[in-house]
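For reference, the structure is listed below as structure tokens.
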Amino acid sequence: MKGIVYLTDVGMKNDGKMASNFTANGWAYEHGIATYALGEALTFCQELKLEIPGLVEVTEKAGQFIIDNQNKNGGWAYLYATSGGHTDSSVAGWQLQALKACSHTKIKYKGLQSCINQGLEYMKSLQNENGGFGYSNKNKPAGTKDYFSLTGVGVLCFQMWGKGSGSEVRKGVKYIRENTKFDYNTADSDLYAHYYESQAMMQAGGDDWKFYNELFRDQLLNNQNPDGSWKAPGFGGHGLGGNEVYRNALCILMLEVYYRFLNTGGGARGGSRLGI
């Protein structure tokens, strides 16, 4: 409750914009992630008949801001530039997830469906012929590795918006299954990539989830410290090497796929959803 109230207060102070520094490129991430949290919080508060002053207003403004500040190419840019600027699948992914959470509330957003259609077309333009999703273009993976580590976010966005049986998802899941690696104490431990892959593969279900569950589960469980935190992984990208809060949040969210119901329309294909 304190966390929800804190986010609501931030939005109230900034007319629905969810950040503290609006000159930093990263605030497009902050706003997307915080709006995602607000959308889910509002849905649960409405279901539980809990009223937090300002929560509806802030969630409406925060979600509408994402819609109104979509880049002309269908993605979302640093600093929310609507033309030009830097757009990529990582920033766009958070906005599409945030809007999905917002869509489960009772708020009616203006231009939502058109925004989503354009957003998914943008994500589609970033999918390589091999099935992987690139960073800022279809031929460029994130970082310096050859692995298309943002494939999970691309797949998940299509699953979330009712496209779980489409070719984009099928190709992306196939790419993950054939190429992903997870060894916590080596360079093959990109937690940001696996945060998305854990959700995408759970949504895919069946043998794809069985394969991925066996890949990631023990890597997380065996590398948790006695105090509940996770040690720094072998992969230091995305600030993970030194950011304890970030990596712990990602690890917890990955493990929550066993318990958290994601109403995404992902089209899981039979078999046990959990397979713990």
With DSSP loop assignment and no more than 11 other C-beta atoms within 10 Å, the trypsin sites (Lys or Arg not before Pro) in the stretch 98-203 are Lys106, Lys108, Lys110
Using only the alpha carbon atoms of the stretch 1-65, find the Kirkwood hydrodynamic radius as the inverse mean reciprocal pair distance, in angstroms to one decimal. 11.6 Å
Separation in nanometres of the label points that stand 7 Å from Cα toward Cβ, at Thr144 and Lys231: 2.4 nm
Largest first and rounded to whole Å, the semi-axes √(5λ) derived from the alpha carbon gyration tensor of the chain read 28, 22, 19
Of Lys145/Lys171; Lys49/Lys72; Lys49/Lys124; Lys138/Lys181, which pairs sit farther than 28 Å apart, going by alpha carbon to alpha carbon? Lys49/Lys72; Lys49/Lys124
If you add up the charges near Gly16, with Lys and Arg at +1 and Asp and Glu at -1, over every other residue whose beta carbon is less than 9 angstrom from its beta carbon, what do you get? -1
Starting from the Cα coordinates of the stretch 126-268, work out the convex hull volume and express it per residue in Å³. 101 Å³
Straight-line reach from Lys61: which aspartates and glutamates fall under 19 Å, measuring Cα to Cα and dropping same-chain residues less than 8 apart? Asp9, Asp15, Glu30, Glu40, Glu51
Filter the chain for me: DSSP H helices, axial length by Cα at least 27 angstrom, mean Kyte-Doolittle hydropathy not below -0.5. List them by residue number. 27-47
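Using a 10 Å Cβ count of at most 15 others and DSSP loop calls, identify the longest part of the chain lacking such GluC sites (Glu not before Pro).
That gives 130-276 as the longest site-free run.
On average, how much area does the Cα convex hull of the stretch 168-240 cover when viewed from any direction, in nm²?
If you wrap the Cα atoms of the stretch 168-240 in a convex hull and average its projections, you get 5.0 nm².
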Taking the reciprocal of mean 1/r across every pair of different Cα atoms in the stretch 1-110, the Kirkwood radius in Å is 13.7 Å
Within the stretch 9-77, report the trypsin sites (Lys or Arg not before Pro) that DSSP leaves as loop and that have at most 14 other Cβ atoms within 10 Å. Lys49, Lys72
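All of the numbers you see were taken from the coordinates with simple rules; none came from a lab. The model shown is predicted, which means the values in this text are computed figures rather than measured ones. FYI the Cβ positions are ideal-geometry reconstructions off the backbone, even for glycines, and counts take in every protein chain you see.
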